[in-house]
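What follows is a short report on a single structure.
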Amino acid sequence: MIPHPLGSRSRAEVHAIAIPCAEEIARLACTASNEDAAQRTASNAKLTVPRARRVEAPRGLEAVNAYCQERKWSDGLPLIPPTEERVERMLRNTSRSRDEKIGVIAPSFGVATIERIAINAVLAGCVPDHLPVLIAAVQAVTAPEFNLQSIQTSTHPAAVWMILNGPVAARLGVNATFNCLGQGYSANATLGRALRLIMQNIGGAFPGDMDRSTHGQPGKYSFCCAENEAASPWPPLHVERGFSAEQSTVTVVGAAGTLNLNPHPKDADEMVRAIGSSMAYGTSNDYRLVGAPWIILGPESADFFREDKWTKEKLKRGLWEASKMQGREMTLMDLERTRQGRASELGEIDADTWLPVSARPEEIGILVAGGPGSHHCVYVPSFGDTRAVTREIL
């Protein structure tokens, strides 16, 4: 375990921390048992992953929840005990082998098999129809460009936001309209929660251990919605990302949080200027690390762009220009880190340089979701060093 944080420490302090860490790594490498070595070799060779083991838990829902909490299998909310019967019922909704390896979950690099995904789905309160969504979501978060390792271990409050598109969203009752990011819909709540439990219980990211988030955010409990495709003036998100309208998909986003935007503009140009200025703030990871943030437009705001015949490409370009921020808005240290990190992209950077929030306008995500209501929009800044990933739900 490497003591955190490191970003605010001097070079000498980091050196002092590194020495005992290196010695501990060497000690562990030299004292690993033959069994440990065999397990690593088997994992690297992609051999059969051990089945989940049975445990005898105490009787009673309260006792089971206390048992899970003690073992760090819980997110703090009441859980559904994953009995053999419940897990088997969940597994009946897939033709895939229970032992099939879907991905390796950082930071502890636990293997996510179909069975282990199903167990966490039961814990979260999911129904069997949810299992294919979670399998696709695990495939998405383990893609290299999503950078789950950093998202899981950062001091940043990053959460994983799941977006569902296609026929599956309506079939499962995933909310895409009023309060789509809030409470009230079982599918939204349990799907988002199940992915969090998978990342915690298989990936080892328990708060205070490998999950080093300073404050976290409510989205780390559950963060899931569907796109309001019927209210959008543009092709659905999954079609924009290369899938057909008939396919069902899940998209995962490394999200730093949400910010309500409530402009009352006279036209689309003024709307873009207002949203763009709200995206720019000096403490944002996106400007320093080259982000990929998102805007959620309510149906009323989407109609604004429909009436003015704006394409999504034009909107992204407009937001990209309107959200540029001068380097002077950053602290001196952050400006220096930006200078080092974005020099190859932007050239010489100083306090007068106008910094774009992303490398290209296309990397700003646009989603239409929510119910009507006085031009409400949501800004979702990204973790910075992450890119959204979409996978088909099979």
Residues of segment 204-224 being closer than 23 Å to Ala187 by Cβ and either among the polar types (S, T, N, Q) or over 16 Å from the mean Cα position of the chain (by Cα) (or both), in sequence order, are Gln217, Ser222
Among the candidates Ala158, Ala176, Ala170, single out the residue that is more than 19 Å from Ala121 (Cβ to Cβ) and surrounded by fewer than 21 Cβ atoms within 10 Å (Cβ to Cβ). Ala170
Only residues that are assigned to a helix (DSSP H, G or I) and of a type outside the set (A, V, I, L, M, F, W, C): list them for segment 271-298, please. Arg273, Gly276, Ser277, Ser278, Asn285, Asp286, Tyr287, Arg288
Going through segment 116-171 one residue at a time, which ones are charged (D, E, K, R) and over 13 Å from the mean Cα position of the chain (by Cα)? Arg116, Asp129, Arg171
Report yes if some residue within segment 70-81 is polar (S, T, N, Q), modelled with pLDDT under 95 and out of contact with any Lys or Arg (no Cβ under 6 Å at 6 or more places or on another chain); otherwise report no. no
Please state which one of Asn65, Asn120, Asn93 is touching a Pro at 6+ places or on another chain (Cβ under 9 Å), part of a loop (DSSP other than H, G, I, E, B) and at negative phi. Asn93
Residues of segment 82-111 being buried (at least 18 other Cβ atoms within 10 Å of the Cβ) and closer than 30 Å to Arg212 by Cβ, which ones? Pro82, Ile102, Gly103, Ile105, Ala106, Pro107, Gly110
Just checking, how many residues over segment 202-238 are hydrophobic (A, V, I, L, M, F, W, C) and free of Cβ contacts under 8 Å to residues at least 40 places away in the same chain? 1
Test result for Ser278, surrounded by fewer than 20 Cβ atoms within 10 Å (Cβ to Cβ), under 27 Å from the mean Cα position of the chain (by Cα) and closer than 16 Å to Val380 by Cβ: yes
From Val239, Val252, grab the single residue that is surrounded by 24 or more Cβ atoms within 10 Å (Cβ to Cβ) and under 21 Å from Val389 (Cα atoms). Val252
Subset of segment 234-256 (residues that are part of a loop (DSSP other than H, G, I, E, B) and more than 19 Å from Ala170 (Cα to Cα)): Arg241, Gly242, Ala256
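The values are calculated or read from the model by the stated rules, or taken from the named source; none is laboratory data. Treat the numbers as computed from the prediction; the structure is a model and nothing was measured. Please note: Cβ atoms are built from the backbone with ideal geometry, for glycine as well, and neighbour counts cover all protein chains shown.
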